[in-house]
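Colleague: Below is a structure I'd like to ask you about.
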Amino acid sequence: MDFELYMERPLAESLAVECAGAAVTALVACWGGFALSSEKDGKRELTPINALIVAGAGLAASWLTTVSLRRFLIKLNP
């Protein structure tokens, strides 16, 4: 997304889109971290590679949510 797009759209819309992206990132990180962690000595731990996988999945989900929601809102309110 271009910076000009952020300048053209209302601030409330941009904040809503970014908040939705952040919420999706948090959900993916939480669920992905729990799913990929292993339990050792009564503690759940992520290996470094699994942490990178969770971070990448969170970033991808955030990007997809932001782009999809932005396109939807542009169609809804040109």
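Colleague: When you check Ala29 against the structure, is it buried (at least 16 other Cβ atoms within 10 Å of the Cβ) and part of a helix (DSSP H, G or I), yes or no? Show your work before the answer.
Modeller: On the way: buried (at least 16 other Cβ atoms within 10 Å of the Cβ): yes; part of a helix (DSSP H, G or I): yes.
Yes, satisfied.
Colleague: Only residues in the stretch 1-13 that are modelled with pLDDT under 80 count as the first member; pair them with residues that are of a type in the set (S, T, N, Q), Cβ under 8 angstrom, at least 6 apart or cross-chain, and list the lot.
Modeller: Every condition considered, the pairs that remain are Met1/Thr66; Tyr6/Ser14.
Colleague: Give the residues of the stretch 16-26 that are over 8 Å from the mean Cα position of the chain (by Cα) and either open to solvent by 40 Å² or more (accessible area, probe 1.4 Å) or touching a residue at least 60 places away in the same chain (Cβ under 8 Å) (or both), sorted by residue number.
Modeller: Ala16, Glu18, Cys19
Colleague: Something else about it: Being open to solvent by less than 80 Å² (accessible area, probe 1.4 Å) and charged (D, E, K, R) narrows it down to one residue among Glu39, Glu13; which is it? Steps first, answer last, please.
Modeller: Working: Glu39 fails: open to solvent by less than 80 Å² (accessible area, probe 1.4 Å).
Just a single option satisfies the conditions, and that option is Glu13.
Colleague: Mind listing just one residue for me: the one in the stretch 47-78 that is aliphatic (A, V, I, L, M) and in contact with a helix residue (DSSP H, G or I) (Cβ under 6 Å, 6 or more places away or on another chain) and, of those, farthest from Glu18 (Cα to Cα)?
Modeller: So the first thing to find is which residues in the stretch 47-78 are aliphatic (A, V, I, L, M), and the list is 49, 51-55, 57, 59-61, 64, 67, 69, 73-74, 76.
Among the residues that remain, those that are also in contact with a helix residue (DSSP H, G or I) (Cβ under 6 Å, 6 or more places away or on another chain) are: 54, 57, 61, 69, 73.
Values: Val54: 19, Ala57: 17, Ala61: 12, Leu69: 9, Leu73: 13 Å.
Selected residue: Val54.
Colleague: Ok, one more. Taking the stretch 65-78 on its own, how many of its residues are free of Cβ contacts under 8 Å to residues at least 12 places away in the same chain and either surrounded by 11 or more Cβ atoms within 10 Å (Cβ to Cβ) or within 20 Å of the chain's Cα centre (by Cα) (or both)?
Modeller: Residues that pass the stated criteria total 3.
Colleague: Please go through the stretch 42-63 and pick out each residue that is in a helix (DSSP H, G or I), of a type outside the set (Val, Ile, Thr) and open to solvent by 100 Å² or more (accessible area, probe 1.4 Å). Steps first, please.
Modeller: We begin by selecting, within the stretch 42-63, every residue in a helix (DSSP H, G or I); these are 48-63.
Remaining after also requiring of a type outside the set (Val, Ile, Thr): 48, 50-52, 55-63.
If the condition is that a residue be in a helix (DSSP H, G or I), of a type outside the set (Val, Ile, Thr) and open to solvent by 100 Å² or more (accessible area, probe 1.4 Å), then Pro48, Leu52, Leu59, Trp63 are the ones that fit.
The values are calculated or read from the model by the stated rules, or taken from the named source; none is laboratory data. Being a predicted model, the structure only gives us computed values, none of them experimental. Glycine gets a Cβ as well: all are built from the backbone with ideal geometry, and neighbour counts include every protein chain shown. Each accessible area value is taken on the protein alone, full model and side chains, heavy atoms only, with ligands, DNA and RNA left out. Shrake-Rupley method; radii C 1.70, N 1.55, O 1.52, S 1.80 Å.
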